[in-house]
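For reference, the structure is listed below as C-alpha cells.
The values are calculated or read from the model by the stated rules, or taken from the named source; none is laboratory data. Computed from a predicted structure; not experimentally measured. Every residue, glycine as well, gets a Cβ built from its backbone with ideal geometry; the counts of neighbours run over all protein chains shown.
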Amino acid sequence: MCCTEIFIFIEMSNTYSSFKKLKIFIVKIVFLHIIIFFARLFFSILEILVRSDKSLILIFMSENYYFDNSRYYFEYVKDKSDYKHVLLCKNKNLYNSLKSKGYNNVYYANTLTALCIFLRSKTVLISYGISSGGFLPYYLSPRFKTIIYLGHGVPMKYLSLQTPVWRKNAKHFQLQKYSISIACSDIEKLIHAACFNIYNKDVWATGLPRNDYLLSDNNQNPQLLAKYPFLAKNIILYAPTWREEGRSTEFFPFEDYDIDKLHGFLESTDSYILVRGHKEDVRMDNFSSKKNYFESDRIISANQDMCEDVYQLLTFVDVLITDYSSLWIDFLLLDRPIIYFPYDLVDYLDYKGLVFEFEKYTAGEKIYSQESFIESLHKYISGEDLYAEKRKEIRDFYHKFQDGRSSERIYNMIRSQLK
C-alpha cells in the first residue's frame, strides 16, 4: 500500500481512540508535510539547474488505468508535430500495456529518463491530483511549470478548499496548486476559481476532452461489444458517487428490495443492470452492505476490471442511475434518461454539500423504493420520457460547448500561451 492509499484509508476511519487519532494526525499531516517539503526543496533546486523546453508538453497519468481526460487529450495531440507531447505513467503495468500497443512518447515515471523529461518540460497536464502527495516522489510547482488541471468531472458537489475536510488539520497546505483549470461553462469557471484558489481568468471554459468521445460519430467500441455481447440489449448503468467523508456507498438502498422481482423485470424486458462502484470505493471495498444482487445473471459487475474507462461504456448505456456523481452531467450530452437514488441527501448536504440545489438542477426521477424504480425503468424502456425537455435545459446550463472539439480548444489555448 502506497503512502497516498494509507492517508485515504486513515481519512475514512472514525472509530479510533484519542491516542490512536493523535498518532494518525502525526502520520497523516506532519509526516506527509515533511515529505512534501523536502520534495519541493529537491525539485526546486533541480528545476533551477535544468533548462526547460517549452516545446515539450507532459501529460501526467497518475492513475493505474488509461482513461479520463488525460487519455483523450493525449489521443488528440500525440501525433502533433509542432510540440512534443509525452505521457508519463506512474503505473508500470499501464506503461507496459501502452508500449505493447505501439504507443510512442510514453515513459514510466520511475526512471531517470522520465525524470529528465519531467525537468525539461515547461507545461504539465493532469486529470487527477487534488493533493500534491499523489505525485510523489515528483513535486509539481507552478513556480517552474504551467500546470493545467484537466479535471475529472463537472462539479455538482463542493470540491477542495470549499469542503470542510480541506480546512481541518492544515490539510489545505498539501493542496496541489494549478496554473490553469479546465471547465465546461462560465459558471463552472467561478466554481473552480473558488475551489482551487486561482484567478477566474485562469480557468478556461473549453469543455472536457473525454466528452469529445461521447459526441463523436464513432463512439461505440466494437471490441468492447464483441467481448460483452449483452451491451446490445437494454443497458442500465448504476454508478454512484464516492462518499469519501460520510457513510459508505450502498447499492439498491430500498426497504422493499426483492432480488427475485428485480430479476423478473429485467428478464421480461431483456435488460441488464451494470453495477459500477467508484474506483476508490472498489479499491477499499468500501460498501455499507453487500446484498445478493449478483445472484441475478441480469445484474453484472462493471468495475474497472471489466472496462477501465467508463466513457467507453457510457455510449452503450440506455439509462443511467446515479446520485451526486458528475458522471450524469456528461451523460446529458447523449440525451438519454437518468434516474437518481438520493437516499442520503440530507447527510450528504451536511458533510459535503452541493453547489446547486439538487431538485432544481437535476433532470430525472428521484427514486426511494424498488417498486418506483421498476416503474420508472419500465416507462423509459417502453419509450415514455417525461424529462426530455428538462434534460436539454440542464445540459445547456452545464455545457457551454457541445461540438466535440474541446481538445482542439485546449490545444489552441496552450499554443497561444507558449508563443
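For this structure, a couple of remarks:
- Taking residues in segment 54-70 that are without any contact (Cβ under 8 Å) to a residue 12 or more places away in the chain and within 13 Å of residue 105 (Cα to Cα), and partners anywhere that are aliphatic (A, V, I, L, M) and in a helix (DSSP H, G or I), not one pair has Cβ atoms closer than 7 Å while being at least 6 places apart or on different chains.
- Within the option set 213, 272, 228, being modelled with pLDDT of 95 or more, closer than 19 Å to residue 332 by Cα and among the aromatic types (Phe, Trp, Tyr) holds for one residue only, 213.
- Residue list for segment 375-401, restricted to those being basic (Lys, Arg) and without any contact (Cβ under 8 Å) to a residue 40 or more places away in the chain: 379, 390
- Residue ID - surrounded by the fewest Cβ atoms within 10 Å (Cβ to Cβ), chosen from residues in segment 195-230 that are closer than 22 Å to residue 403 by Cβ and of a type in the set (S, T, N, Q): 218
Conditions (1) among the charged types (D, E, K, R); (2) closer than 18 Å to residue 415 by Cα; (3) without any contact (Cβ under 8 Å) to a residue 12 or more places away in the chain; (4) out of contact with any His (no Cβ under 8 Å at 6 or more places or on another chain), marked per residue:
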site	(1), (2), (3), (4)
76	no, yes, no, yes
79	yes, yes, yes, yes
84	yes, yes, no, yes
88	no, no, no, yes
102	no, no, yes, yes
109	no, no, no, yes
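- Given (1) surrounded by 18 or more Cβ atoms within 10 Å (Cβ to Cβ); (2) more than 14 Å from residue 89 (Cα to Cα), number of the condition residue 106 does not satisfy: (2)
Let's see how each residue does on (1) under 21 Å from residue 232 (Cβ atoms); (2) in a loop (DSSP other than H, G, I, E, B); (3) touching a strand residue (DSSP E or B) at 6+ places or on another chain (Cβ under 8 Å):
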{"residue": "313", "(1), (2), (3)": "yes, no, yes"}
{"residue": "325", "(1), (2), (3)": "no, yes, no"}
{"residue": "333", "(1), (2), (3)": "no, no, no"}
{"residue": "357", "(1), (2), (3)": "no, yes, no"}
{"residue": "362", "(1), (2), (3)": "no, yes, yes"}
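- Of all residues in segment 136-155, those satisfying the criterion of being hydrophobic (A, V, I, L, M, F, W, C) and in contact with a Leu (Cβ under 8 Å, 6 or more places away or on another chain) are 147, 148, 150, 154.
- Selected residue [in the same structural domain as residue 80 (by TED's automatic domain parsing) and surrounded by 15 or more Cβ atoms within 10 Å (Cβ to Cβ)] from 414, 381: 414
- Restricting attention to segment 335-348, the residues that are crowded, with 16+ Cβ neighbours inside 10 Å and not in a loop (DSSP other than H, G, I, E, B) total 5.
- Scanning segment 54-70 finds one or more residues that are in the same structural domain as residue 173 (by TED's automatic domain parsing), over 21 Å from residue 307 (Cα atoms) and either in a helix (DSSP H, G or I) or small (Gly, Ala, Ser) (or both).
- Verdict on residue 391 being part of a loop (DSSP other than H, G, I, E, B), under 22 Å from the mean Cα position of the chain (by Cα) and among the basic types (Lys, Arg): no
- Residue in segment 6-22 that is surrounded by 14 or more Cβ atoms within 10 Å (Cβ to Cβ), within 27 Å of the chain's Cα centre (by Cα), at pLDDT 60 or above and of a type in the set (D, E, K, R) present: no
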